[in-house]
1. Given the stretch 390-466, what helices (runs of 4 or more DSSP H) lie entirely inside it while holding 2 or more residues that are in contact (Cβ under 8 Å) with a residue 12 or more places away in the chain and loosely packed, with under 15 Cβ neighbours inside 10 Å?
2. Does the stretch 289-301 contain any residue that is among the charged types (D, E, K, R), away from the ligand (no atom under 13 Å from the Cβ) and in contact with an Asp or Glu (Cβ under 8 Å, 6 or more places away or on another chain)?
3. Considering (1) outside any helix (DSSP H, G or I); (2) surrounded by 16 or more Cβ atoms within 10 Å (Cβ to Cβ); (3) away from the ligand (no atom under 16 Å from the Cβ), say which one PRO84 fails and leave the rest.
4. So which residues in the stretch 20-37 are buried (at least 16 other Cβ atoms within 10 Å of the Cβ), farther than 14 Å from HIS427 by Cβ and in contact (Cβ under 8 Å) with a residue 24 or more places away in the chain?
5. Tell me which residues, restricted to the stretch 47-80, are crowded, with 16+ Cβ neighbours inside 10 Å, at positive phi and assigned to a loop (DSSP other than H, G, I, E, B).
6. Within the stretch 241-251, is even one residue in the same structural domain as ILE124 (by TED's automatic domain parsing), among the aliphatic types (A, V, I, L, M) and within 13 Å of the ligand (Cβ to nearest atom)?
7. Give the stretch 216-231 a look and list any residue that's assigned to a loop (DSSP other than H, G, I, E, B) and either within 13 Å of the ligand (Cβ to nearest atom) or under 14 Å from HIS158 (Cα atoms) (or both), or say none.
Amino acid sequence: MTRKELQHDLINDYKANNPKSFKLFQKNSDCLIKGGSHNARLFSPFPFYDAQCSGSKVKDIDGNTYIDFWQGHYVNILGHNPEPVLSALIKYMQQGGGLQTGFPGTHQGELARFIIKCTGADRIRFTTSGTLATMYAIMLSRAFTGKDLVLKVGGGWHGSQPFVLKGTFTYDKGFNYLESRGLLPETDKIIHVIRFNDINDLEEKFKKNGDRISCFIIEACIGVGGFIFASKEYLKRARELCTSHGALLIIDEVISGFRFHPGGLQSLYGMKPDLTVFGKVIGGGMPVSAVCGREDVMSQCSPDRDPDELVQFNGGTYSAHPASMLAGYTFITYLKEHAKEIYPKIGRLGKIAREGIEEIFTTHGFNVRCTGHPNGVTEYSSLLGVHFLKDTIDRLDSPDQAWNPEICDIELREEIFKLEMLKEGFHIMHGYGGISAAHTEEEIQASLDAVERIALRWKKYNIPRS
Ligand SMILES: Cc1ncc(COP(=O)(O)O)c(C=O)c1O
């Protein structure tokens, strides 16, 4: 039987199990583009619409329950709707607080001090999404250095903003493409894309354009690019080159912040960037992000600056929203106070899942590699990507492999494996996703049992095996 037939059957099963979601998808598509507002949520053939989320699970409007390994775009390290955050918000609302006030509020200082203490940054400013925070970090860098180029790695996703929309998902003999229309004509020329974990490429770019590079923005553990850690030598060299060329190093910790330990992954690498961007986890389930770092760079957004020195990182209506500040502070304080239980637990479950999946697929003759293995810098990793290889390679150490359709069968992962796992009762992202403290070892084992059944089924189809 062919792979197309398998996909066809899976789509039919999914439709049969989700009639209410299908109807809602059609109805919502009349007013929303493709039925929603975030492309990553709108998978094919249509997304299920959630009715209730709690802990490790999500229940949809058709009554299906899934164990969720996406956990709110990797925000929910304690699982969906964690009790400490809910209680704090309920109490706050009952006392008459909560909605937008337009005043600075008491909680932003607590959250600010907490993050500054964890990272050693001088100053922090909040905004509402990782996208905005990376945009502001780059504006600050370009203004501070007076240089125009932005250096990023291929496969690095820093949100949907004009300074980074190149070399994210589209791979064709490299990550060299602008990935949006509607940008300024010079955008293509100012964003330079290099290969992740490739020191030679990094040195080459600085040698060629060092006098024009304003900043290098990078994730220490690349997320959407494939859950791959940067090597320690690579980040060390990046730090040296940025310093020697007067460029700023921006570490994007939107996924990695508070995911591996209480604070930024940068501290485990023993490095100090000029600016750090946080998002996701620091809001505890509410829309919060932040840029933090050097006083001299951050102070460019002070309203006391002369207009010709000012960077308009001006805040938005919902910046430092009072309830969001409380949620974020409650959440990351809880993570810090329970770090000794949480991080080893989710790291251990991550290891069981990564090793189990590789073993099952290998036993059944499929060429599969998991990513997210810690690289010695961090002891624990709760992230897990699953890659179906077309080629035999020992290690995946760059998005240039993970997103290369000649090396990895992305279609198999996204259009077949995803539906297979949904049928088995698991919602996955990027091949699996992120483990939270709400997940149990039994749930991880159940996911491995599901993978085993899928691998057995696939033997009947013409899915390539090694
Ligand atoms: C590393 C990284 N940076 C930035 C962003 C953008 O954040 P947001 O989706 O909050 O705009 C993301 C989103 O997934 C991300 O993974």
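The values are calculated or read from the model by the stated rules, or taken from the named source; none is laboratory data. Please read these numbers as outputs of a predicted model, since none were measured by experiment. Cβ sites come from the backbone with ideal geometry, for glycine too, and all protein chains shown count toward neighbours.
1. Details: elements: 399-402, 418-423, 441-458.
Filter on the stretch 390-466 gives 441-458.
2. First, the residues of the stretch 289-301 that are among the charged types (D, E, K, R): 294-296.
Going one step further and asking which of them are away from the ligand (no atom under 13 Å from the Cβ), we end up with 294-296.
Checking which are in contact with an Asp or Glu (Cβ under 8 Å, 6 or more places away or on another chain) leaves us with 294-295.
Yes: one or more hits.
3. (1)
4. Of the residues in the stretch 20-37, the ones buried (at least 16 other Cβ atoms within 10 Å of the Cβ) are 21-22, 24-25, 28, 35-36.
Among the residues that remain, those that are also farther than 14 Å from HIS427 by Cβ are: 22, 24-25, 28, 35-36.
Correct list: PHE22, LEU24, PHE25.
5. Correct list: GLY79 only.
6. In the first step, residues of the stretch 241-251 are kept if they are in the same structural domain as ILE124 (by TED's automatic domain parsing); the result is 241-251.
Okay, now just the ones that are also among the aliphatic types (A, V, I, L, M), so 241, 247-251.
Narrowing further to those that are within 13 Å of the ligand (Cβ to nearest atom): 250-251.
The answer is yes, given that some residue of the stretch 241-251 is in the same structural domain as ILE124 (by TED's automatic domain parsing), among the aliphatic types (A, V, I, L, M) and within 13 Å of the ligand (Cβ to nearest atom).
7. Pass one, the stretch 216-231, residues assigned to a loop (DSSP other than H, G, I, E, B): 219-220, 223-227, 230-231.
If the condition is that a residue be assigned to a loop (DSSP other than H, G, I, E, B) and either within 13 Å of the ligand (Cβ to nearest atom) or under 14 Å from HIS158 (Cα atoms) (or both), then GLU219, ALA220, GLY223, VAL224, GLY225, GLY226, PHE227, ALA230 are the ones that fit.
Table: residues versus (1) modelled with pLDDT of 95 or more; (2) of a type outside the set (A, V, I, L, M); (3) within 21 Å of the chain's Cα centre (by Cα).
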{"position": "LYS57", "(1), (2), (3)": "yes, yes, yes"}
{"position": "TRP70", "(1), (2), (3)": "yes, yes, yes"}
{"position": "LEU78", "(1), (2), (3)": "yes, no, yes"}
{"position": "ASN81", "(1), (2), (3)": "yes, yes, yes"}
{"position": "THR106", "(1), (2), (3)": "no, yes, no"}
